[in-house]
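The values are calculated or read from the model by the stated rules, or taken from the named source; none is laboratory data. For clarity, every value in this text was computed on a predicted model and none was experimentally measured. Backbone-built Cβ (ideal geometry, glycine too); neighbour counts: all protein chains shown.
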Amino acid sequence: MNHQQLLSQQFSQKRLPHAILISGPKGSGKHVLAEWLTNLLSCNDVQQQANFLKACGHCKNCLLTRSQSYPDHLTLQSHTATIGVDDIRHSNLFLQKTAHIGQYKTVLIPNAETMTIAAANALLKTLEEPTADSVIILITHDIEQLLPTVVSRCRLFSIQPLAGEQLIAQAKNSNSSLSNIEKLDTGFVNISHIQELEDQQIYKEYLQFKETYIDFILKNGKNKALLEALQTNQHALRWLEKITCNLQRAQHLPEHSYVDLNNSKLTASVLNQLFGVIINANKTLKQYAQVNQQFVLEQLFFSMIKIVKS
Ligand SMILES: [Zn+2]
């Protein structure tokens, strides 16, 4: 049973958990699920659709929700990098008041992993003694960062993103213009490919980048176009990581022709080293906002040349 089905069932039987934690990687649809649920909980005329329930979209409450003025829902939006204790206190107070027009009071906490310890402790009290007809929904892409005591008091809904054929099938369903998607590393596709899957132009750039990268490997580093691509295309570093990872996986699946390397002596050790320096560059860029991006990418490029030359 999928999450929407299960939650619909719990909703109809009036045994919805008071605290719900939606966990999953970025882009996996956590916010879509949370929005579907908060809309459902505010709607006055819930509709049955196939095997799950859905907000009607046109009752008074739904219209208020759409204009972001529905009074019985609160989305915590922290103005700093972390969710502080004051934010949580604000939401606790909100939940303690009785609902204005809805049957439920709902609070949505995106990026729950950014809660400070004090904030998490303040939330714990509410989780331990929930007010009637209140539902708190936490969203996180990094459940490891949450206090275990918080996690254990929530009903966990973990989203596993589609991968491979399933993802391609879904992308094709939602975008019929994708006719040549078969060429995109079928079987290795995952959620991080979604931009390529949904945008023809980005898809073309991806294919070209992949060709450049493979050429770079085959010519033992003698292809400067790779550096240029890295410095000019915002997706390039992510693609570099992805393609290298796919090359590693393809080595364990000899029957899978990920790419024709013309019997080049590309070894697992070379691929592992490449993957290592790519990951490091990625980490550096993510961790330090002040870092000189051009410099990091140049360093990466020269490290990669050293590795493929050897
Ligand atoms: Zn409605």
Of residues in the stretch 30-51 being buried (at least 16 other Cβ atoms within 10 Å of the Cβ) and more than 15 Å from the ligand (Cβ to nearest atom), the one farthest from GLN103 (Cα to Cα): LYS30
Filtered residues of the stretch 107-121 (kept if surrounded by fewer than 22 Cβ atoms within 10 Å (Cβ to Cβ) and in a helix (DSSP H, G or I)): GLU113, THR114, ILE117, ALA118, ALA120, ASN121
Flag for LYS14 being more than 15 Å from the ligand (Cβ to nearest atom) and under 14 Å from SER134 (Cβ atoms): yes
Members of the stretch 102-147 that are in contact with a Lys or Arg (Cβ under 8 Å, 6 or more places away or on another chain) and at positive phi: ASP133
Output for the stretch 91-105, where each listed residue is surrounded by fewer than 15 Cβ atoms within 10 Å (Cβ to Cβ) and either within 13 Å of the ligand (Cβ to nearest atom) or closer than 28 Å to ASN2 by Cα (or both): ILE101, GLN103
Within the stretch 52-90, tally of residues that are within 9 Å of the ligand (Cβ to nearest atom) and surrounded by fewer than 14 Cβ atoms within 10 Å (Cβ to Cβ): 4
Pair list, Cβ under 9 Å, 6 or more apart: the stretch 41-65 residue closer than 24 Å to HIS18 by Cβ and in the same structural domain as THR75 (by TED's automatic domain parsing), other residue hydroxyl-bearing (Ser, Thr, Tyr) and surrounded by fewer than 19 Cβ atoms within 10 Å (Cβ to Cβ): LEU41/TYR104; SER42/TYR104; VAL46/SER12; LEU53/SER12
Index of the failed condition, VAL32 passing every other in (1) assigned to a helix (DSSP H, G or I); (2) touching a helix residue (DSSP H, G or I) at 6+ places or on another chain (Cβ under 8 Å): (2)
Among (1) more than 16 Å from the ligand (Cβ to nearest atom); (2) more than 18 Å from the chain's Cα centre (by Cα), the one test that ILE20 misses: (2)
Complete set of residues in the stretch 261-310 that are at positive phi and free of Cβ contacts under 8 Å to residues at least 12 places away in the same chain: ASN263
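Every residue, every condition in (1) modelled with pLDDT under 85; (2) within 20 Å of GLU241 (Cβ to Cβ), yes or no:
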{"position": "THR131", "(1), (2)": "no, no"}
{"position": "SER158", "(1), (2)": "no, no"}
{"position": "GLN170", "(1), (2)": "yes, no"}
{"position": "ASN180", "(1), (2)": "yes, no"}
{"position": "LEU184", "(1), (2)": "yes, yes"}
Odd one out for ASN51 among (1) modelled with pLDDT of 95 or more; (2) farther than 23 Å from GLU128 by Cβ: (1)
